[in-house]
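*Asks:* Please find one structure pasted underneath; my questions will follow.
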Amino acid sequence: SCDASQLCNCSSMGLEFIPPGLTAKITGLNLAHNRIKHIQSQDLQQAVNLKTLLLQSNEISSIDEDSFQSLEKLELLDLSNNSLAHLSPVWFGHLFSLQHLHLQGNSYRDLGQSSPFSRLRNLSSLHLGNPQFSVIRQGNFEGIEFLHKLWIDGSNLSQYEQGSLKSIKEINHMIINLRNSNIFSEIVRDLVHSVAWLEVAEIKLPVDRKSLVQNSTRPFRIQKLTFKEALFTDQSISPKIVSLKEITSLKELQAINCVLEGTGIWNTEEIEKSGQSFVETITITKLVIQKFHLFIDLGGMESQINKLKRLTITSSNVFMVPCNLARNFSSLLYLDFHDNLLVNKRLEETICERSWPSLQTLNLSQNSLKSLELTAKYISRLPKLNNLDISLNNFGEIPDECKWPEHLKYLNLSSTQIPEVTSCIPQTLEVLDVSGNNLKEFGLQLPSLKELYLTRNQLKTLPGAAPIPNLVSLSVRRNKLNSFSKEEFESFRRMELLDASDNNFICSCEFLSFVHHEAGLAQVLVGWPDRYVCDSPLAVRGAQVGAVHLSLMECHRSLVVSLICVLVFLVILLLVAVGYKYHVVWYLRMTWAWLQAKRKPKRAPPKDVCYDAFVSYSENDSEWVENTMVQELEQACPPFRLCLHKRDFVPGKWIVDNIIDSIEKSRKTLFVLSEHFVQSEWCKYELDFSHFRLFDENNDAAILILLEPIQSKAIPKRFCKLRKIMNTKTYLEWPASEQQQQVFWENLKGALKS
C-alpha cells in the first residue's frame with residue numbers, strides 16, 4: 001500500500017493491530033479508521049524515518065511507554081478520536097521533531113499533574129480536549145513556548161487554574177469550545193499577552209463585570225476575538241463591551257452563527273463613560289435576533305463607532321440603519337450588508353445625506369432592492385465611494401440615465417435581471433460585472449474600463465473593442481459564443497486575460513487555424529485547454545479545441561466541391577468533344593434505330609409498299625432532284641411514285657421513324673450522291689438508317705446516283721459498306737451532255753423497274 005515516496009495507506013482495512021514488518025524506508029503511515037486497540041513497543045521500532053503517523057478513529061486505549069521512542073523524525077502524530085483515558089509524558093519524550101499533535105476526541109479528563117508536552121520544543125499545532133475534558137491545571141503546558149494553533153475542546157471544562165496557559169508565550173490562533181462562562185474571564189486574562197487571535201465557541205456570555213485585564217500590564221497581544229455559536233443577551237452586552245475596551249490591542253471582533261436575545265436596550269451610558277473603543281473591524285455573520293423587527297435604533301452608541309473602519313453584517317435580517325447612527329460612522333471605509341432585508345424605501349434612510357462620509361466600498365448584494373434608478377440616486381450621496389456591489393437584487397429593468405458617485409470605479413450588477421446595458425452604467429468604471437443577466441449584446445462606451453465580466457449571458461460574439469479600448473481582462477464564460485476570429489482577438493490591444501471557457505464552440509477550419517497558429521493565445525485564455533470544448537461538428541463533439549485537426553475536405557469543402565464540379569464539367573466537355581469527333585451520338589442513335597428496325601419484319605407486305613423509291617439527297621441538291629429528276633420520273637409513262645422527305649414525311653413523327661418507314665414502304669432507295677450529300681448530317685443519317693436493312697440483305701434495293709464526281713476517300717470511314725458498294729458495284733453518273741442524259745434516264749428507269 002506504499003507509493004513511490006514511501007507513504008503507506010492502510011486506512012479502513014479493519015486492522016486490529018499495527019501490521020508487522022515496517023521498515024526504515026517508510027516515511028508516512030496512515031492507519032486511520034481501523035480497529036486497533038493497543039500500540040506495543042516493537043510495532044514501530046524499525047520505522048525510524050517515519051514523519052507522518054495517522055492513527056485517528058481507532059479504538060486505542062493503551063500505548064506502551066516506549067512505543068514512539070524510535071520516531072525522532074516524526075513531524076505529525078494524530079491520535080484523535082480514540083479511547084485514551086490518560087496521557088503519558090513518556091509517550092512524547094523522544095519526539096523531538098514533532099510539529100503537529102492531535103489528541104482531541106479521547107476520554108481523558110485532564111492532562112495529568114504535569115505537562116505531557118514538556119519535551120516537544122518544535123510543536124507548532126496542538127489539538128486536545130473532549131466532552132469529558134474538565135480540568136486544566138497549572139503546569140499542563142510547560143515546555144511549550146510557541147504555537148501557531150491551539151485547539152481545545154473544553155465544552156465541559158469546569159475547572160481552570162489561573163495561569164495555566166500563561167506559560168505559552170506566543171499563540172497565533174487559539175480555538176476553544178467553552179460553555180462555562182464563569183472561567184471565560186480567567187482564560188482571557190491569561191491569553192491577552194500571548195494570543196493574537198482568540199476564537200471562543202458555544203459560550204453564553206456572563207453578565208458579570210469582571211475585568212479581562214485585571215493586574216495585567218501592557219502591551220497586550222490579542223488583536224482579534226471571534227465568537228462562534230455564542231449567546232448574547234441585552235444584559236451581557238454592555239458589561240462585555242466595557243471590559244473588551246480594556247484590551248487596547250483588540251482591533252477586530254467577529255460573531256458567527258450567534259444568537260442575541262433582546263431588542264437592543266443596552267446601557268449606552270455605561271458604555272459611553274468607559275471611553276473610546278479601539279476596535280476597527282466588526283464582522284457579524286448569521287446573527288439571529290428573534291425579535292429583530294422590535295430592535296431599537298441603538299441610540300447612544302454614536303460615540304463608539306466613529307473610529308470603526310470596516311463593518312460587515314451579513315445574513316442577519318438588517319432592514320435599516322437609522323440616519324443619525326449612519327452619520328456617525330465617520331471613519332468607516334468598508335461596509336458589507338450582503339444577504340439582508342434592505343429595500344429601496346429603507347435605503348433612503350440608511351444612506352441619507354452626510355451619512356457614511358468616508359465610505360469607499362459598499363456591498364448591498366442579495367437584498368430586496370427593486371429600483372436601480374433609486375438605488376443609484378441614494379448611493380450617489382456617498383462622495384468617496386469607488387467600489388459598489390449590488391448584485392443578486394431583482395431590479396428587472398435599467399433606466400437610460402442614472403446618477404452615481406463621481407469616483408465610482410467598480411460596479412457589480414451581476415444576477416440583477418437587467419435585460420440590457422444602457423448609458424445608466426457610469427463611464428468612470430474600471431471594473432464592471434454584469435454576469436448572469438441574459439444579455440444578448442454589449443456595446444457601451446467605457447473608455448476607462450479595464451476588467452469586464454459577462455459570464456452566464458447570451459452573447460454570440462465578443463463585445464466590440466473600440467468602445468472599451470483599455471480592456472485588460474474579459475470574461476465571456478458560459479455564453480453562446482461559437483468562435484472568435486483573429487481580428488476580434490487582436491482588436492483588444494491590451495488584453496492580458498480572456499476567459500471564454502464553457503462555450504459551445506463550432507470548430508470550423510477558420511477558428512481552428514486561428515487557435516493553432518496564434519502565438520501567445522494559450523497564455524491569454526483562462527482555463528485553456530481543458531475548458532474549451534467543441535460542440536460541432538458532430539464527429540469532434542466533446543473534444544478539446546486545441547486537440548482537433550480537421551481534414552482538407554472538411555476545411556475546404558466549398559473549394560473541393562468546386563474543383564469536383566470543374567473536373568466533372570471538363571470530363572463532360574471532353575466526352576462531348578470525343579463524342580463529336582468520333583460521332584458517338586451518331587453511333588448511339590444508329591444502334592437505337594437498328595434495334596427498332598430488327599424488331600420489324602425485313603420486308604413490308606406488298607400491300608404496304610407505297611413508293612417505287614425513297615429519295616435521299618442533300619438540301620443543296622434539291623433543285624436538281626425536285627425540278628429535274630422528279631419531273632422526269634413522275635411524268636414518265638408509266639409514272640414512278642417517289643418518296644421525298646419534304647413532301648411525304650408525316651408531320652409530328654420522329655424523323656428517324658419517318659426515314660425508316662419511308663425506306664420500308666419503298667421498293668428502292670435512291671441516293672443522290674454529291675459533295676453536299678457527304679457533308680449533310682441528315683443525308684448521313686438517312687444513309688446510315690437504311691444500310692442496315694438494304695445492305696445487310698445483299699440485294700439491289702439501293703441505287704446510287706453520282707451527281708458530281710466524288711472520291712470514295714471523301715466518304716466518311718464509318719460508312720464502310722457504302723464505300724465497299726461504290727468500290728464493287730456500278731452506280732449511275734449524271735452526265736454533263738444532253739445526249740448522254742437521255743441514256744442516264746433510261747438506265748435509271750430500268751433500275752427502278754428491276
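The values are calculated or read from the model by the stated rules, or taken from the named source; none is laboratory data. What you see is a predicted model; the values in this text were computed from it and never measured. Here the Cβ is made from the backbone with ideal geometry for all residues, glycine too, and neighbour counts use every protein chain on show. The protein model used for the area step is the full one, side chains on, heavy atoms only, and it has no ligands, DNA or RNA in it. Shrake-Rupley method; radii C 1.70, N 1.55, O 1.52, S 1.80 Å.
*Asks:* Can you name every residue in the range 453-491 that is touching a Leu at 6+ places or on another chain (Cβ under 7 Å) and part of a helix (DSSP H, G or I)?
*Replies:* Hit for the range 453-491 is GLU488, nothing else.
*Asks:* Looking only at the range 167-219, which residues are over 18 Å from GLU246 (Cβ atoms) and among the basic types (Lys, Arg)?
*Replies:* LYS169, ARG179, LYS204
*Asks:* Now, a different point. What are the residue pairs meeting all of these: first residue in the range 287-304, first residue closer than 16 Å to ALA326 by Cβ, second residue surrounded by 12 or more Cβ atoms within 10 Å (Cβ to Cβ) and modelled with pLDDT under 80, Cβ atoms under 7 Å, and 6 or more apart or on different chains?
*Replies:* Close Cβ pairs satisfying both conditions: none exist.
*Asks:* Another one. Taking PHE133, is it assigned to a loop (DSSP other than H, G, I, E, B), surrounded by fewer than 15 Cβ atoms within 10 Å (Cβ to Cβ) and among the aromatic types (Phe, Trp, Tyr)?
*Replies:* no
*Asks:* Within the range 567-577, does at least one residue satisfy the condition of being assigned to a loop (DSSP other than H, G, I, E, B) and exposed (fewer than 13 other Cβ atoms within 10 Å of the Cβ)?
*Replies:* no
*Asks:* Here's something else I'd like to know. Could you please let me know if SER380 is farther than 22 Å from PHE329 by Cβ and of a type in the set (Ser, Thr, Tyr)?
*Replies:* no
*Asks:* Here's a follow-up. What number of residues in the range 90-108 are farther than 24 Å from THR27 by Cβ and either surrounded by fewer than 18 Cβ atoms within 10 Å (Cβ to Cβ) or outside the structural domain of GLU16 (by the TED database) (or both)?
*Replies:* The total comes to 2.
*Asks:* Ok, one more. Look at the range 478-521 and say how many of its residues are charged (D, E, K, R) and under 15 Å from ASN457 (Cα atoms).
*Replies:* Number of matching residues: 4.
*Asks:* Here's something else I'd like to know. How do the pairs read when you match residues in the range 620-638 that are at pLDDT 85 or above with residues anywhere that are part of a loop (DSSP other than H, G, I, E, B) and polar (S, T, N, Q), using Cβ under 6 Å and keeping only pairs 6 or more apart or on different chains?
*Replies:* Filtered contacts from the range 620-638: ASP621/SER674.
*Asks:* (1) of a type in the set (A, V, I, L, M); (2) out of contact with any Cys (no Cβ under 6 Å at 6 or more places or on another chain); (3) modelled with pLDDT of 95 or more: which one isn't true of ALA376, the others all being true?
*Replies:* Going through (1) of a type in the set (A, V, I, L, M); (2) out of contact with any Cys (no Cβ under 6 Å at 6 or more places or on another chain); (3) modelled with pLDDT of 95 or more one by one, ALA376 breaks only (2).
*Asks:* Another one. Just give me the residues in the range 528-563 being of a type in the set (Ser, Thr, Tyr) and either surrounded by 14 or more Cβ atoms within 10 Å (Cβ to Cβ) or not in a helix (DSSP H, G or I) (or both), in sequence order.
*Replies:* Selection gives TYR532, SER536, SER551.
Condition check ((1) among the hydrophobic types (A, V, I, L, M, F, W, C); (2) outside any loop (DSSP other than H, G, I, E, B)) across all residues:
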position: SER368; (1), (2): no, no
position: LYS377; (1), (2): no, yes
position: LYS384; (1), (2): no, no
position: LEU388; (1), (2): yes, yes
position: ASN394; (1), (2): no, no
position: ASP400; (1), (2): no, no
position: HIS407; (1), (2): no, no
position: LEU411; (1), (2): yes, yes
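*Asks:* Of everything in the range 54-72 that's among the small types (Gly, Ala, Ser) and open to solvent by less than 40 Å² (accessible area, probe 1.4 Å), which residue is farthest from ILE36 (Cα to Cα)?
*Replies:* Of everything passing the filter in the range 54-72, SER70 is farthest from ILE36 (Cα to Cα).
*Asks:* Another one. Does LYS240 satisfy the criteria of being among the basic types (Lys, Arg) and open to solvent by 40 Å² or more (accessible area, probe 1.4 Å)?
*Replies:* no
*Asks:* Now for a different question. Could you pull out the residue among THR416, THR361 that is farther than 16 Å from ARG346 by Cα, open to solvent by 10 Å² or more (accessible area, probe 1.4 Å) and at pLDDT 95 or above?
*Replies:* Being farther than 16 Å from ARG346 by Cα, open to solvent by 10 Å² or more (accessible area, probe 1.4 Å) and at pLDDT 95 or above holds for just one of THR416, THR361, which is THR361.
*Asks:* Any residue in the range 15-31 that is surrounded by 14 or more Cβ atoms within 10 Å (Cβ to Cβ) sitting within a Cβ distance under 8 Å of a residue that is among the hydroxyl-bearing types (Ser, Thr, Tyr) and in a loop (DSSP other than H, G, I, E, B)? List the pairs, counting only those 6 or more apart or interchain.
*Replies:* The qualifying pairs are THR27/SER5; GLY28/SER5; ASN30/SER11; LEU31/SER11.
*Asks:* I've got another one for you. Looking at the range 176-227, which of its residues are within 16 Å of ASN156 (Cβ to Cβ) and under 52 Å from the mean Cα position of the chain (by Cα)?
*Replies:* Correct list: ILE176, ASN177, LEU178, ARG179, VAL200, ALA201, GLU202, ILE203, LYS204.
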